[in-house]
Each structure stands twice: as C-alpha cells, then as structure tokens.
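K.L.:
One structure, as structure tokens, below. Some questions next.
The values are calculated or read from the model by the stated rules, or taken from the named source; none is laboratory data. All of these numbers come straight from a predicted model, not from anything done at the bench. A quick note on method: Cβ atoms are made from the backbone with ideal geometry, for glycine too, and the neighbour counts reach across all protein chains shown.
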Amino acid sequence: MSDLSAVSVAITTQTADKSGAAPPTGESGAAAPGDEHVALVARVLEFACAEVVPRLRATGGEISAVLHALDGGYVPAGPSGSPTRGLVNVLPTGRNFYSVDPKAIPSLTSWETGQALAASLVARHLRDEGAYPRCVGLTVWGTSAMRTQGDDIAEVLALIGCRPEWDESSRRVTGFAVTPLAELGRPRIDVTLRISGFFRDAFPHVIALLDDAIGTVAGLDEPPESNYVRAHALADAGRHGDWRRATTRIFGSKPGAYGAGLLPLIDARNWRDDADLAEVYAVWGGYAYGRALDGAPARRDMESAFRRIAVAAKNTDTREHDIADSDDYFQYHGGMVAMVRALTGRNPAAYIGDSAVPDAVRTRTLAEETRRVFRSRVVNPRWIAAMRRHGYKGAFELAATVDYLFGYDATAGVVADWMYEQLAAAYVFDAETRSFMERSNPWALRGMAERLLEAAQRGMWAEPDPKTLDQLRQAFLDTEGDLEGGAQA
C-alpha cells in the first residue's frame with residue numbers, strides 16, 4: 001500500500017468515526033448498492049479538503065519557523081509522529097513538536113499493533129522453519145517508540161505472554177499482567193533486546209517494566225517446554241548460580257555512549273571477518289540494563305543470550321525511510337546477525353516487521369525487504385533523478401546508499417550479485433549520473449567505485465563480471481586523477 005493509501009485509510013477511519021449518520025438507503029429501507037461507499041468517499045474527500053490539504057500547504061513554513069526560532073522567536077507547539085501512519089494532526093510540520101507521554105508507552109493502539117507484529121513474526125517462523133522460535137533478538141530504538149507510542153515494547157510483552165495494564169483516566173501504563181498459557185495458545189518466547197542509547201535515556205521506566213515482566217515470566221511455575229524464558233534462565237542459573245544475571249535480557253551501549261560501533265569499522269576497511277564485527281558489536285553493546293542494572297558490564301551474559309537467538313528482528317513503522325537510508329539499520333540489526341553467526345556458526349533468521357500500515361502488519365525476511373527496497377527506491381530512476389536535483393548532498397546520498405547496502409551485506413549477507421551489478425550500472429556507469437557526480441561530488445563517485453571494488457575483493461560480490469570490475473577500476477582511477485589534479489591546481 002502506498003503512503004497516499006495509508007493516509008487515505010486513516011482519513012477514512014477518522015471521518016467514519018466522526019460521522020454518526022446512517023448510510024443512505026434505498027426505497028425499501030435497505031442500503032442501496034454502492035450508496036454506502038459513495039457516502040464514505042464523500043466524507044473522505046470533505047475531510048481531505050478541510051483538514052489535510054491546508055495542513056500540507058502549511059508545511060512550507062518549516063524554514064521560516066527555524067529562522068524565527070534562531071532569532072529568539074516563539075514557535076507554536078505541535079505533536080510528533082508519522083503522517084504516513086494516518087496521524088494528520090502532526091501536520092503542519094515546522095512546529096516545535098513535543099513527544100509522547102513516556103509513561104503512556106505502550107499505548108492502547110500500539111498494543112494492538114504489537115500483538116499483530118508478534119503474531120506475524122511467529123507465524124512466519126513457523127512457516128519457514130516449522131517450529132516456534134525459542135528466542136527472538138529485537139532491536140529497539142527511541143525514535144520508533146516515539147513515533148508509534150510503543151509498538152516494539154508491545155511486541156516484546158506479547159511474545160513473552162504478558163499484557164500491559166493502564167490507568168483508565170490517564171491511559172498511563174501502571175504495570176502488566178501475565179497471560180495464562182491456555183489463553184496464549186503457544187509457548188512463551190524468550191526475547192533479548194539491543195536498545196539504542198536514545199531509548200535508554202528517554203525510556204528508563206519502560207526498560208524497568210520489560211525487565212520486571214521478563215523476570216516474572218522466568219519465575220513462573222510452568223513447564224520449561226512451554227516457557228522458553230524460564231528454560232533459558234534455569235540453564236544459565238545452573239551454570240553460574242546468579243538468578244539476576246540469568247534473567248537479564250536488555251543490553252545496550254555504555255552509559256553516555258551511543259551507537260553500535262560498526263560504522264567506523266566498516267568505513268576504515270580494516271576488518272577481516274565475522275569475529276572482528278562481533279567483537280566491536282559486543283564491546284559497544286555489552287552493558288546490561290534493568291532494575292539496579294544501569295549499564296553494568298555484562299558481555300558474557302550478552303553473549304550467552306545471543307547464542308540462543310533464533311530470530312534477529314527489526315521493525316519498520318514508516319514509509320518515510322527504509323533499511324538502506326541509514327547506517328543504524330545495518331549497525332544494530334546486521335550487527336546482531338553477525339554476532340550470532342560468530343558465536344554459533346549459523347545465521348539466525350533475519351526478519352523485518354512492517355507496521356507502516358497498522359491494519360496490515362506483515363513480516364518479511366531481511367532478504368525480501370532488501371530486494372523490495374532495492375527495486376522500489378535504490379535503482380529507481382525517479383529517485384536517482386530526484387537526488388541529482390540536490391547537487392553535492394544528492395551525490396552524497398547515492399554514495400551513502402551504497403555504503404549502507406555494503407554494510408548490511410558485510411553483516412548479514414543480503415546483497416546478491418545482480419544488485420552489485422545494477423548499482424555499478426545505475427550509479428557509476430550511467431552517463432547522466434556519472435556526469436552529475438563528476439560535477440557535484442567527485443569524492444562520492446570515487447567512494448562508490450572503491451566500495452564496489454571492495455565488495456568484490458572480499459568475496460561479497462561473489463562472481464562479478466570482469467568487464468564490470470575493469471570499468472570500476474577505470475572510473476576510480478579517472479576520478480582519483482581528477483581529484484589529485486584539482487588539488488595540485
């Protein structure tokens with residue numbers, strides 16, 4: 001479903017909720033064929049004309065609002081969120097946006113979405129592997145929590161078999177309840193989290209809630225074959241005798257630090273294999289969080305939890321960006337895949353949960369998502385043409401896309417040979433794009449050629465066409481010569 005369709009669905013929902021009128025009826029009193037749909041479309045169009053269009057037109061005030069703020073002026077406040085999920089009230093942009101109430105996470109609506117994400121992930125793994133995943137590794141970011149009001153948090157609770165409880169008047173989360181196994185209808189699935197630094201700083205009480213829920217589930221008097229959280233905690237406690245360590249499932253960067261550490265390693269090109277990637281991921285992320293665990297060093301416990309991960313998951317909740325738009329995707333999610341592979345010698349199932357349209361949640365494999373993003377955006381001529389309109393920054397975005405795909409391939413092995421061939425053809429060999437890069441940002445052109453050659457050298461691009469490699473080498477040498485000549489001049 002397109003972004004426009006997603007907004008239309010949300011508008012339809014809002015207009016239908018606002019209207020209490022009965023649908024038009026025929027002479028017999030029954031709904032006339034098609035009349036109900038005509039009335040609904042009319043309400044949607046009325047809402048679009050009265051609310052959506054004026055709000056969209058007002059987004060042109062972003063720059064003036066920033067300049068006014070820098071001049072010490074007042075910028076009106078407005079809510080944050082993603083318009084493509086139907087949050088029309090966040091428009092117009094350019095306001096001094098405020099976030100969600102941190103203590104209202106997960107919200108009632110995100111609980112519905114989180115349950116759908118959990119059910120979709122479990123169903124996909126059952127279809128692919130024929131069994132329930134014993135442990136799911138999930139990457140959780142603060143920005144996503146703010147946009148969705150807690151989809152990821154709700155999914156964790158759903159997987160382990162708990163549900164949030166809210167205060168009826170304030171809608172704030174007051175705790176959680178354990179769902180009985182008979183009602184759950186499946187085993188309680190263990191979950192290990194890799195949280196971002198921003199999530200750690202913005203939602204400490206949510207971390208405490210999840211830690212309490214995991215500890216409670218691990219302590220239930222249930223058969224280990226129906227409660228994987230308890231089974232794993234008992235096994236760990238049997239090895240080292242520390243129940244607190246055995247129930248630790250939330251890991252992140254050292255207090256005050258941010259990121260997963262893989263981007264500098266990939267950029268420096270001085271890594272050799274999975275062991276190097278896993279070492280950096282563990283050094284950066286081996287700190288435990290929860291009650292009385294404010295970033296305690298816990299690399300051994302992290303590695304113990306990661307060895308059990310059968311599924312490495314990351315959720316996307318918006319169409320405004322994708323997995324090849326930011327280095328954070330391959331650093332956090334790809335890094336998790338690489339660490340599991342380094343520890344166990346096997347790849348976990350890598351999934352992307354898509355809740356951009358909350359009523360149509362789905363789970364794709366990382367390979368499927370990579371192909372979808374590659375075809376729809378990365379080599380889409382319209383997107384490339386749009387980048388050419390942005391000069392130096394547009395060329396940078398093209399080069400960054402190549403870097404991010406390379407990073408995901410290095411960590412999770414998801415870029416096929418044909419994708420590398422098409423990247424070379426569309427970004428380096430295409431005459432119009434090549435001319436644009438040479439004029440606007442020759443450093444980006446050199447970087448792309450060098451990165452594609454590195455993929456071949458490392459065997460990630462397994463069987464490149466020798467002619468393609470020759471052309472890439474020539475493009476690199478030509479650009480290198482031009483840059484050196486310009487520097488000497």
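K.L.:
Within the stretch 215-223, does at least one residue satisfy the condition of being buried (at least 24 other Cβ atoms within 10 Å of the Cβ) and in contact with a helix residue (DSSP H, G or I) (Cβ under 7 Å, 6 or more places away or on another chain)?
P.N.:
There is at least one residue in the stretch 215-223 that is buried (at least 24 other Cβ atoms within 10 Å of the Cβ) and in contact with a helix residue (DSSP H, G or I) (Cβ under 7 Å, 6 or more places away or on another chain).
K.L.:
If you don't mind, another one. Which is hydrophobic (A, V, I, L, M, F, W, C), in the same structural domain as residue 128 (by TED's automatic domain parsing) and over 19 Å from residue 262 (Cβ atoms), of 356, 350?
P.N.:
One residue alone meets the criteria, 356.
K.L.:
Also, I was wondering about something else. Quick one: residue 467 ticks every box in (1) buried (at least 17 other Cβ atoms within 10 Å of the Cβ); (2) over 19 Å from residue 266 (Cα atoms) except a single one, so which number is it?
P.N.:
(1)
K.L.:
Restricting to the stretch 350-363, give me the number of residues that are out of contact with any strand residue (DSSP E or B) (no Cβ under 8 Å at 6 or more places or on another chain), outside any loop (DSSP other than H, G, I, E, B) and either of a type in the set (Asp, Glu) or buried (at least 18 other Cβ atoms within 10 Å of the Cβ) (or both).
P.N.:
The total comes to 2.
K.L.:
Could you give every pair whose Cβ atoms fall below 9 Å, whose first residue belongs to the stretch 60-77 and is among the charged types (D, E, K, R), and whose second residue is surrounded by 12 or more Cβ atoms within 10 Å (Cβ to Cβ), counting only separations of at least 6 or pairs across chains?
P.N.:
62/92; 62/93; 62/94
K.L.:
Tell me the residue from 483, 423, 472, 453 that is without any contact (Cβ under 8 Å) to a residue 24 or more places away in the chain, touching a helix residue (DSSP H, G or I) at 6+ places or on another chain (Cβ under 7 Å) and assigned by TED's automatic domain parsing to the domain that holds residue 396, please.
P.N.:
453
K.L.:
I've got another one for you. Residue under question is residue 118, and the condition is that it be small (Gly, Ala, Ser), out of contact with any Gly (no Cβ under 8 Å at 6 or more places or on another chain) and either without any contact (Cβ under 8 Å) to a residue 12 or more places away in the chain or not assigned by TED's automatic domain parsing to the domain that holds residue 360 (or both); does it hold?
P.N.:
Against the criterion (small (Gly, Ala, Ser), out of contact with any Gly (no Cβ under 8 Å at 6 or more places or on another chain) and either without any contact (Cβ under 8 Å) to a residue 12 or more places away in the chain or not assigned by TED's automatic domain parsing to the domain that holds residue 360 (or both)), residue 118 does not qualify.
K.L.:
Does the stretch 192-210 contain any residue that is of a type outside the set (Gly, Ala, Ser), in contact (Cβ under 8 Å) with a residue 60 or more places away in the chain and farther than 30 Å from residue 79 by Cβ?
P.N.:
The answer is yes, given that some residue of the stretch 192-210 is of a type outside the set (Gly, Ala, Ser), in contact (Cβ under 8 Å) with a residue 60 or more places away in the chain and farther than 30 Å from residue 79 by Cβ.
K.L.:
Quick one: is residue 80 closer than 30 Å to residue 206 by Cα, surrounded by 15 or more Cβ atoms within 10 Å (Cβ to Cβ), among the polar types (S, T, N, Q) and modelled with pLDDT of 85 or more?
P.N.:
Criteria not met by residue 80.
K.L.:
Would you call residue 64 of a type outside the set (A, V, I, L, M) and under 21 Å from the mean Cα position of the chain (by Cα)?
P.N.:
Criteria not met by residue 64.
K.L.:
Since residue 290 meets every condition but one in (1) under 23 Å from the mean Cα position of the chain (by Cα); (2) at negative phi, which condition does it not meet?
P.N.:
The failed condition is (2).
K.L.:
Let me confirm something: among 268, 296, 310, which residue is touching a strand residue (DSSP E or B) at 6+ places or on another chain (Cβ under 7 Å), among the aliphatic types (A, V, I, L, M) and free of Cβ contacts under 8 Å to residues at least 12 places away in the same chain?
P.N.:
296 is the lone residue from the list that is touching a strand residue (DSSP E or B) at 6+ places or on another chain (Cβ under 7 Å), among the aliphatic types (A, V, I, L, M) and free of Cβ contacts under 8 Å to residues at least 12 places away in the same chain.
K.L.:
Determine, yes or no, whether residue 222 is more than 14 Å from residue 193 (Cβ to Cβ) and part of a loop (DSSP other than H, G, I, E, B). Spell out the reasoning first.
P.N.:
On the way: more than 14 Å from residue 193 (Cβ to Cβ): yes; part of a loop (DSSP other than H, G, I, E, B): yes.
Against the criterion (more than 14 Å from residue 193 (Cβ to Cβ) and part of a loop (DSSP other than H, G, I, E, B)), residue 222 qualifies.
K.L.:
Is it fair to say residue 446 is under 29 Å from the mean Cα position of the chain (by Cα) and among the basic types (Lys, Arg)?
P.N.:
The answer is no for residue 446.
K.L.:
Where in the stretch 233-349 are there helices (runs of 4 or more DSSP H), lying wholly inside it, with at least 2 residues that are at pLDDT 95 or above, buried (at least 24 other Cβ atoms within 10 Å of the Cβ) and touching a Pro at 6+ places or on another chain (Cβ under 9 Å)? Before you say what the answer is, go through the steps one by one.
P.N.:
On the way: elements: 243-246, 262-268, 274-285, 299-307, 335-344.
Qualifying helices (runs of 4 or more DSSP H): 335-344.
K.L.:
Does the stretch 182-202 contain any residue that is within 17 Å of residue 250 (Cβ to Cβ) and at pLDDT below 95?
P.N.:
Checked the stretch 182-202: at least one residue is within 17 Å of residue 250 (Cβ to Cβ) and at pLDDT below 95.
K.L.:
Return the residues of the stretch 185-207 that are under 22 Å from residue 117 (Cα atoms) and of a type outside the set (D, E, K, R); say none if nothing qualifies.
P.N.:
185, 187, 189, 191, 192, 193, 195, 196, 199, 203, 206, 207
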